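Below is one structure, written out as structure tokens; the observations come after it.
Laboratory data are not the source of any read-out in this text; all were calculated from the coordinates shown. Since we're looking at a predicted model, the values are computed, not measured. Reconstructed Cβ throughout: ideal geometry from the backbone, glycine too, with neighbour counts over all protein chains shown.
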């Protein structure tokens, strides 16, 4: 479990930095929708499937829920990173208009 907690910290750090940068662009709506998808539509179902059911493997209990949480955070980090890269590649006028909202 300690290794899972370490992996959790790394993926959470990436996700938080990307979300903070997007907040600087005042792109909070994208943060909401992307993290909603990552946590509730990816992380929680994967954690439930791995932790309680025997669909893919024997029920893993708390370890399965931690793995689901890590997967959800990783998906959030990737999606927020893609959004941040997309915003950064936009023209300067577009970026300034977003920051003025």
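Any idea what % of Cα-Cα pairs in the range 2-100 are farther than 16 Å?
59
Between residue 5 and residue 82, what is the label-to-label distance in nm when each label sits 7 Å out along the Cα-to-Cβ direction?
It is 3.2 nm.
Measure out, as a whole number of angstrom, how far apart the alpha-carbon centroids of the range 66-91 and the range 1-33 sit.
When both Cα centres are located, 8 Å separates them.
Report relative contact order for the chain in percent, whole number only (criteria: Cα-Cα under 8 Å, sequence separation at least 6).
36
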